[in-house]
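What follows is a single structure, written as structure tokens, with notes after it.
The values are calculated or read from the model by the stated rules, or taken from the named source; none is laboratory data. Quantities reported herein were computed from a predicted structural model and do not represent experimental measurements. Because the Cβ atoms are built from the backbone with ideal geometry, glycine has one as well, and the counts that use them run over all protein chains shown.
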């Protein structure tokens with residue numbers, strides 16, 4: 001199994017650029033970039049260009065990216081890439097950094113953490129002209145991945161790697177055998193999963209299921225039940241819709257009514273339960289191939305099945321893309337674009353699995369023989385072809401949603417607030433966010 005990776009939940013909670021509301025001053029797009037790339041052109045042949053790439057402070061990410069930087073420079077001798085750690089206050093001080101020239105050229109972010117907010121402020125460099133200039137083929141990517149990287153029709157990033165949400169069932173077959181029940185299949189429904197969890201649960205000594213209580217994770221059952229947080233225009237909250245409420249109710253019920261899942265669990269709790277053989281199934285994403293794979297007890301094994309089918313007739317999920325958008329005031333936007341293309345290549349996309357846990361979001365990566373038969377990767381593939389991007393408000397204020405919604409979820413999943421009352425609170429809170437103007441307006 002790949003090396004164990006640092007918990008993304010832990011990482012996001014300890015960095016300022018996570019899915020939290022970041023109050024940034026309005027920022028008008030600067031003029032044409034100075035230095036090595038004027039009007040989208042490459043630097044003069046005699047000039048050596050340095051790109052500053054900010055990445056999250058996770059050892060295996062930094063090690064891999066530095067290796068890629070050395071390989072990129074070997075192919076492009078006039079361009080070097082300095083991989084640096086994102087400062088803890090990077091997001092909160094980005095405007096100041098831009099003004100002082102210390103923001104770098106690109107930085108690690110996620111379309112599902114509010115990239116639109118940055119794009120609508122004029123902070124990011126649109127890539128459409130570079131795509132046209134190089135005749136770059138965007139059709140090699142999953143459609144949902146490219147859609148997730150666009151804001152108001154403009155492309156602001158390439159999808160480096162990612163996932164279709166919390167989209168698979170990770171399970172220990174030994175616990176199924178002990179309970180005398182059949183293992184999950186690709187025909188399983190939410191009712192099937194819940195019933196199996198009942199048979200494996202032994203009070204608080206062993207849970208049949210682990211389900212995450214966070215905003216982005218709840219999109220999976222919500223979508224499977226036919227609901228969604230907002231309408232297609234990104235202007236109307238949908239937590240008053242019965243299908244959206246049904247998805248939230250299912251999570252509440254497995255935690256409070258059926259008592260087959262740990263109530264309102266922390267992210268790390270799934271590894272703790274899994275490593276001690278005290279949970280039969282974990283409904284989660286492709287990153288678990290490393291997290292749970294490394295934590296599997298010696299007398300147990302890990303297997304993966306596609307996520308269950310909901311009342312809507314399909315499996316739930318969303319397209320989560322990790323990206324490195326180019327800053328508008330980058331002195332070398334075209335060279336940074338070349339770097340983006342390199343780290344989004346098929347070769348690197350396949351390497352991503354062992355190095356950082358998530359494949360690149362190109363179809364030729366997932367269809368490569370190295371991955372197509374991988375039992376840990378394969379269950380996510382079909383969903384990637386149809387899954388929708390993370391719902392993004394028309395005003396771009398996605399990063400302001402997760403924290404207040406998850407806070408209300410806590411009351412629901414701990415049984416302190418009814419599903420109906422909690423969803424009504426979320427409806428009011430979310431609509432208030434959607435009604436705000438675009439950042440900087």
Taking the stretch 290-342 on its own, how many of its residues are under 20 Å from the mean Cα position of the chain (by Cα) and on the phi > 0 side of the Ramachandran plot? 1
Within the stretch 323-333, can you find the residues that are crowded, with 24+ Cβ neighbours inside 10 Å and either modelled with pLDDT under 95 or in contact with a helix residue (DSSP H, G or I) (Cβ under 8 Å, 6 or more places away or on another chain) (or both)? 323, 325, 326, 327, 330, 333
Can you say whether residue 71 is modelled with pLDDT of 80 or more, under 23 Å from residue 149 (Cβ atoms) and not in a strand (DSSP E or B), as far as the supplied structure shows? no
Single match in 260, 282 (criterion: surrounded by 22 or more Cβ atoms within 10 Å (Cβ to Cβ), modelled with pLDDT of 95 or more and closer than 16 Å to residue 218 by Cα): 282
How many residues are at pLDDT 90 or above and surrounded by fewer than 20 Cβ atoms within 10 Å (Cβ to Cβ) if we restrict to the stretch 352-382? 4
For the stretch 415-434, state whether one or more residues are in a loop (DSSP other than H, G, I, E, B), out of contact with any helix residue (DSSP H, G or I) (no Cβ under 7 Å at 6 or more places or on another chain) and touching a residue at least 12 places away in the same chain (Cβ under 8 Å). no
Output for the stretch 211-237, where each listed residue is in a loop (DSSP other than H, G, I, E, B) and in contact (Cβ under 8 Å) with a residue 12 or more places away in the chain: 212, 213, 214, 225, 226, 227, 228, 229, 233, 234, 235, 236
Going through (1) surrounded by fewer than 19 Cβ atoms within 10 Å (Cβ to Cβ); (2) closer than 30 Å to residue 233 by Cα; (3) without any contact (Cβ under 8 Å) to a residue 24 or more places away in the chain one by one, residue 385 fails only at (3)
Residue satisfying condition, being touching a helix residue (DSSP H, G or I) at 6+ places or on another chain (Cβ under 9 Å) and over 26 Å from residue 215 (Cβ atoms), within set 130, 107: 130
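Let's see how each residue does on (1) over 30 Å from residue 275 (Cβ atoms); (2) surrounded by 19 or more Cβ atoms within 10 Å (Cβ to Cβ); (3) in contact with a strand residue (DSSP E or B) (Cβ under 9 Å, 6 or more places away or on another chain):
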{"residue": "94", "(1), (2), (3)": "yes, yes, yes"}
{"residue": "109", "(1), (2), (3)": "yes, yes, yes"}
{"residue": "145", "(1), (2), (3)": "yes, yes, yes"}
{"residue": "183", "(1), (2), (3)": "no, no, yes"}
{"residue": "200", "(1), (2), (3)": "no, yes, yes"}
Please work out which one of (1) closer than 25 Å to residue 288 by Cα; (2) buried (at least 20 other Cβ atoms within 10 Å of the Cβ); (3) touching a strand residue (DSSP E or B) at 6+ places or on another chain (Cβ under 6 Å) is the condition residue 156 fails and give its number. (1)
From 393, 379, residue being outside the structural domain of residue 252 (by TED's automatic domain parsing), assigned to a loop (DSSP other than H, G, I, E, B) and in contact (Cβ under 8 Å) with a residue 24 or more places away in the chain: 393
The helices (runs of 4 or more DSSP H) lying entirely within the stretch 83-198 that contain at least 2 residues which are at pLDDT 95 or above and farther than 27 Å from residue 362 by Cβ are 173-179
Please indicate, with yes or no, whether at least one residue in the stretch 293-302 is part of a loop (DSSP other than H, G, I, E, B), within 21 Å of residue 221 (Cβ to Cβ), without any contact (Cβ under 8 Å) to a residue 40 or more places away in the chain and not assigned by TED's automatic domain parsing to the domain that holds residue 357. no
Is it the case that some residue within the stretch 115-133 is touching a residue at least 24 places away in the same chain (Cβ under 8 Å), at positive phi and buried (at least 22 other Cβ atoms within 10 Å of the Cβ)? no
Selection status of residue 313, surrounded by fewer than 20 Cβ atoms within 10 Å (Cβ to Cβ), farther than 24 Å from residue 430 by Cβ and not assigned by TED's automatic domain parsing to the domain that holds residue 50: yes
